[in-house]
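The values are calculated or read from the model by the stated rules, or taken from the named source; none is laboratory data. Note that the structure is predicted; figures quoted are calculated from it, not measured. Here Cβ is always computed from backbone atoms with ideal geometry, including for glycine, and neighbour counts include all displayed protein chains.
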Amino acid sequence: MNITEKIISAHLEAGEMRAGEEIAIRIDQTLTQDSTGTMAYLQFEAMGIDRVRTKRSVAYIDHNMLQSGFENADDHKYIQTVAAKHGIWFSRPGNGICHQVQLERFSIPGETLLGSDSHTPTCGAAGMLATGAGGLDVAVAMGGGAYYLTMPRVCRVVLTGELKPMVAAKDVILEILRRLGVKGGVGKVMEYAGDGLASLSVPERATIANMGAELGATTSIFPSDNRTREFFAARGRAGDWRELRADPDAEYDEEITIDLSALHPMAAQPHSPDNVTEISSIAGIKVDQVCIGSCTNSSFCDMMRVAGILAGKHVAPNVSLTISPGSRQVLRALASNGALAKMVTAGARILECACGPCIGMGQAPASDAVSLRTFNRNFYGRSGTASAKVYLVSPETAAVSAVTGVLTDPETWDGGEPPYSVPELFDIDDGMLIRPVADTSRIEVVRGPNIKPFPKASPPAETLSGPVLIKVGDNITTDHIMPSNARLLPYRSNIPYLADYCMTPCDPLFPERAKAAGGGFILGGANYGQGSSREHAALVPLYLGIKAVLAKSFARIHRANLINNGILPLEFVSEADYDAAAEGEELEISSAPEQIRAAAEGAEVTACIGGREVKLRLDITERQRDILLAGGLLNYTREREAK
């Protein structure tokens, strides 16, 4: 078996390991963060389960860190107290980004991890089967329920050779995105192999696994080998390491090969992670801002390379440089070895160990600015400035360009690749992690006034009808559906407030139109809902009365979130029907419950749009049929728990 099959087979609860078949796997660990966690814990509480049933569940505060009002602090208090009440580890604000800390402190080769964040696959760098999901799926897993997914195809990514100086792991995943695109990993696990692995540290592997989410992949995974053992030993966790490799005769569904020695520094140009080209072809663009950090590139190794480049230099007068270390452990190490002083002396602004600018929480660029970021996404408007042009680059490219003031190919940098050493044993301090306690009888869950009840789905009516409220094109992201920025993130537990901003990047009048019509339908193109695992992109449309989304195709997590919230994800059989449909037309699906039942048997769904009969696919399993008929996963789970 390959690595993916080994882990799945050891955790298989239902189904057969045939690509395309629905399977259920047991979840060992879960993680949440404060952007999605509040809703996940509200849903967990609604299930009536006293204590989590996983090996370990961790709640992180890392996204909504700007406390310009009471809202974020209140939600942090809620998450801390609800975590304490239900046996969940709590990572305090300032301890670090969830994926970085989870990798450093809790990753276990061969275990499964489900996180309410699309970049949970970061822990695949340590040989975990780690995947992102909606908050409700994570809540169910915390309650001991299995996680259901389609058995993925496994793509073997063979890495050969070795990266040249100033070429980075970021350039590896950008090359894969250039080849495959943002839809190229849908339904797949990217499993890495080859002699090139020996030269890649776990933090470098983490960069690749993290940004594999931009391929639309279910997850990415690396073997647990000697490099993994070194990583665990340096963090005082040698006892958690175990070897995990694919069998020599393992089979794969497909294979691609990357010659590391042939790669050059690359950039993803605005406004998509797969709009990739070599830096040399676009070098010289004037840069206004450089942001280094995020769960993609904030490891100790990344920070040391940046410090080495900045040492003895100064940031160009036209550039604002921010640096966000990924965890408190990384920050302490940088402070101890003098690297932090080199960054500060060069003119960098040191931000706290958090997601920060990557999630739009501060550091919005100036109007029309060019911003180089070591992040994973450069969707339109995500930075907080619609007119900004965001390029995704490696830390090496970012640091060199911060000094020169223009986009610069780091291979042309006179200083070359700066040397650095990794401590044999990091200074370990888990003081910002709060462990669960056995007796929770006196713990009171604290809810601030900004936490509102979340909308609950109902079983589908006999006839679903209403207007087409909006029609959008391909690759609509969750940032389009439910924007996430410094202004809106404090309201992630207030769905009625967020409803006024749903779909506004596509059409500012959408919320008003949806409320006036009492709900209706959304029409989307290919890969609808790509990007974040943000469940709000389904919860807010549910609140606005969206009965179904009709699209050419859906991104994996968003499609699951729609089903979990009782919204039908329907795919056009013919693109001509999508082309013919228009905003404002009336849409009707008659005998909806009967058609949902028939869809689970392979039948097409018939709808009427503007008087025209349209055929649609509702590709669901019997379990998903029952979820939709129950009015969402929460109702379905409570019914099963009661039985």
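How many residues does segment 434-480 contain that are more than 17 Å from Glu45 (Cβ to Cβ) and either free of Cβ contacts under 8 Å to residues at least 40 places away in the same chain or crowded, with 18+ Cβ neighbours inside 10 Å (or both)? Show your work before the answer.
Filtering segment 434-480 down to residues more than 17 Å from Glu45 (Cβ to Cβ) leaves 434-435, 437-439, 442, 449, 457-480.
Now narrow it down to the ones that are either free of Cβ contacts under 8 Å to residues at least 40 places away in the same chain or crowded, with 18+ Cβ neighbours inside 10 Å (or both): 438-439, 442, 457, 460, 464, 466-472, 475-480.
The total comes to 19.
Report whether or not Ile208 is crowded, with 17+ Cβ neighbours inside 10 Å and under 19 Å from the mean Cα position of the chain (by Cα).
Details: crowded, with 17+ Cβ neighbours inside 10 Å: yes; under 19 Å from the mean Cα position of the chain (by Cα): yes.
Answer is yes for this residue.
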| remark: Note: among Ala24, Ala46, Ala59, Ala73, just one is crowded, with 24+ Cβ neighbours inside 10 Å and among the small types (Gly, Ala, Ser), namely Ala59
| query | Between a first residue in segment 395-424 that is farther than 16 Å from Lys313 by Cβ and a second residue that is of a type in the set (S, T, N, Q) and modelled with pLDDT of 90 or more, which pairs have beta carbons less than 7 Å apart while being 6 or more apart in sequence or on different chains? | reply | Leu407/Ser401; Asp409/Ser280
| Taking the condition free of Cβ contacts under 8 Å to residues at least 60 places away in the same chain, of a type in the set (Gly, Ala, Ser) and surrounded by fewer than 23 Cβ atoms within 10 Å (Cβ to Cβ), does Ala198 pass? | yes
| Does any residue of segment 157-165 turn out to be buried (at least 22 other Cβ atoms within 10 Å of the Cβ), out of contact with any Ser or Thr (no Cβ under 6 Å at 6 or more places or on another chain), at pLDDT 95 or above and in a strand (DSSP E or B)? | yes
| field | Residue list for segment 41-92, restricted to those being of a type in the set (Phe, Trp, Tyr) and over 28 Å from Arg26 (Cα atoms) | value | Phe70
| remark: Among strands (runs of 3 or more DSSP E) entirely within segment 206-310, at least 3 residues that are at pLDDT 95 or above and under 27 Å from Arg105 (Cα atoms) occur in 219-221
| task | Collect the residues in segment 166-196 that are modelled with pLDDT of 95 or more, under 18 Å from Val393 (Cβ atoms) and aliphatic (A, V, I, L, M), keeping them in residue-number order. | result | Met166, Val167, Ala168, Ala169, Val172, Ile173, Leu174, Ile176, Leu177
| remark: Note on segment 589-623: residues assigned to a strand (DSSP E or B), more than 32 Å from the chain's Cα centre (by Cα) and among the aliphatic types (A, V, I, L, M) are Ile589, Ala607, Ile609, Val614
| message | Pairs needed: first member in segment 239-254, free of Cβ contacts under 8 Å to residues at least 40 places away in the same chain; second member anywhere, among the hydrophobic types (A, V, I, L, M, F, W, C) and surrounded by 14 or more Cβ atoms within 10 Å (Cβ to Cβ); C-beta distance under 9 Å; at least 6 residues apart or different chains. | response | Gly239/Phe232
| task | Taking only segment 506-543 into account, find how many residues are in contact with a Gly (Cβ under 7 Å, 6 or more places away or on another chain) and over 28 Å from Ser574 (Cβ atoms). | result | 3
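So which residues in segment 521-540 are surrounded by fewer than 24 Cβ atoms within 10 Å (Cβ to Cβ) and closer than 18 Å to Pro467 by Cα, if there are any at all? Spell out how you get there, then give the answer.
Within segment 521-540, the subset surrounded by fewer than 24 Cβ atoms within 10 Å (Cβ to Cβ) is 525-527.
Of everything in segment 521-540, just one residue is surrounded by fewer than 24 Cβ atoms within 10 Å (Cβ to Cβ) and closer than 18 Å to Pro467 by Cα, namely Gly525.
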| request: Inspect segment 33-51 for any residue being in a helix (DSSP H, G or I), of a type in the set (Asp, Glu) and within 23 Å of the chain's Cα centre (by Cα) and give the result as yes or no. | output: no
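When you go through Ala560, Ala642, Ala603, Ala576 one by one, which is the residue that is at pLDDT below 95, surrounded by fewer than 18 Cβ atoms within 10 Å (Cβ to Cβ), out of contact with any strand residue (DSSP E or B) (no Cβ under 7 Å at 6 or more places or on another chain) and of a type in the set (A, V, I, L, M, F, W, C)?
Values: Ala560 fails: surrounded by fewer than 18 Cβ atoms within 10 Å (Cβ to Cβ); Ala603 fails: at pLDDT below 95; Ala576 fails: at pLDDT below 95.
On inspection, the qualifying residue turns out to be Ala642.
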| Pairs, first farther than 23 Å from Met266 by Cβ in segment 378-393, second buried (at least 20 other Cβ atoms within 10 Å of the Cβ) and of a type in the set (S, T, N, Q), C-beta under 8 Å, six or more apart | Gly384/Gln363
| task | Can you work out which of the residues in segment 606-639 that are of a type in the set (A, V, I, L, M, F, W, C) and more than 19 Å from Leu136 (Cβ to Cβ) is surrounded by the most Cβ atoms within 10 Å (Cβ to Cβ)? | result | Ala607
